[in-house]
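Asker: Please see the structure below; I have some questions.
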Amino acid sequence: MKKKINIIFLLDRKNDWIKKYLIKNFNKKNKKYNFKIEYNYKKIKRQNIVFILNYTKILPKSFLIKNNLSLVVHASDLPKGKGFAPMQWQILENKNKISICLIEADEKFDSGAIIEKNNFYLNGDELGPEIRNIQATETIKIILKFLRNYPKFNRTVQSGKSTFYKRRFPKDSKLDINKSLKKNFNLLRVADNDKYPAYFEYKRKRYVIKIFKTSK
């Protein structure tokens, strides 16, 4: 009987929203792969493939060389849009065409060779939960595409000028009350109603705004 290939999904406890999608799509009954979710990178070694998803810290080289292949999924047209929250920042730039790349993990942030690349499109009316769902769906899709062909794959070195997105904080959800609702709409879309809701300040008071879709 052929030995199964071991795969680890390395997640960040502070940013593991994709976990439920992984559980749904990757189960233990797969004939070719063994799947496992892990949070502590120090426990991971000698794995065939490690998928590093939404991880907010740079991993040391000592970790990367302990495993055969360490891969990152990043939702931008690399080398443009390296860094944090690329989907959210691109929506704020009024972009509806989004690229998603599967790259080799590197000591430098989001700088590894590109192995797979897809494009997908937003309608421009999606809110936070829908955006997360689309991002998760596209992440799963590009991982499955890679696994269908593994161990065959190609590497393409990133070329061109790099741009970077900064980490988003609750203060980045502040609305400008001097702008129209239409001008503020994309910021409302990317806000998280629970963790970092949109807000505005008026007469030394802070007011929170949460946004939901309703049926007509």
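All of the numbers you see were taken from the coordinates with simple rules; none came from a lab. Because the structure is predicted, anything quoted here is derived from the model rather than measured. Cβ placement follows ideal geometry from the backbone for every residue including glycine, while neighbour counts extend to all protein chains displayed.
Asker: If you wrap a convex hull around the Cα atoms of the stretch 170-209, how much volume per residue is inside, in Å³?
Answerer: Dividing the Cα hull volume of the stretch 170-209 by its residue count gives 63 Å³.
Asker: Taking the simple approach of a point 7 Å from Cα along Cα-to-Cβ for both Asn68 and Asn34, what is their distance in nm?
Answerer: Those two pseudo-labels are separated by 1.3 nm.
Asker: If R₀ is 22 angstrom, what is the calculated FRET efficiency for the pair Glu107 and Arg155, using the beta carbon separation as r and rounding to 0.05? Display every interim value, and only then the final one.
Answerer: Values: r = 16 Å, r/R0 = 0.74.
Computed FRET efficiency for Glu107 and Arg155: 0.85.
Asker: Continuing with this model, one more query. What span do the alpha-carbon atoms of the chain cover on each of the three principal axes, reported in whole Å from largest to smallest?
Answerer: Rounded to whole Å, the extents work out to 68, 39, 31 Å.
Asker: Let me ask something else about it. Which residue fluctuates most in the GNM of the chain (Cα springs below 10 Å): Gly83, Gly160, Gly128?
Answerer: The residue with the greatest mean-square fluctuation here is Gly160.
Asker: For the stretch 1-52, what is one quarter of the convex hull surface built on the Cα atoms, given in nm²?
Answerer: Average of the hull's projected areas for the stretch 1-52 equals 3.9 nm².
Asker: Ok, one more. By how many degrees, 0 to 90 and rounded to 10, does the Cα axis of helix 181-190 deviate from the longest principal axis of the chain?
Answerer: 30
Asker: Give the calculated FRET efficiency between Lys14 and Lys42 to the nearest 0.05, with a Förster radius of 22 Å applied to their Cβ-Cβ distance.
Answerer: Values: r = 17 Å, r/R0 = 0.77.
Approximately 0.80, to the nearest 0.05.
Asker: What do you get for the angle between helix 128-149 and the principal long axis of the chain? Use alpha-carbon atoms, 0 to 90 degrees, nearest ten.
Answerer: With rounding to tens, the tilt is 20 degrees.
Asker: A further question follows. May I have the extent of the alpha carbons of the stretch 122-216 along their three principal axes, as whole Å values ordered from largest to smallest?
Answerer: That works out to 61, 39, 22 Å along the principal axes.
Asker: Size of the dipole of the chain about the Cα centre, Lys and Arg at +1 and Asp and Glu at -1 on the beta carbon, nothing else charged, in debye to 20?
Answerer: So the dipole magnitude of the chain works out to roughly 680 debye.
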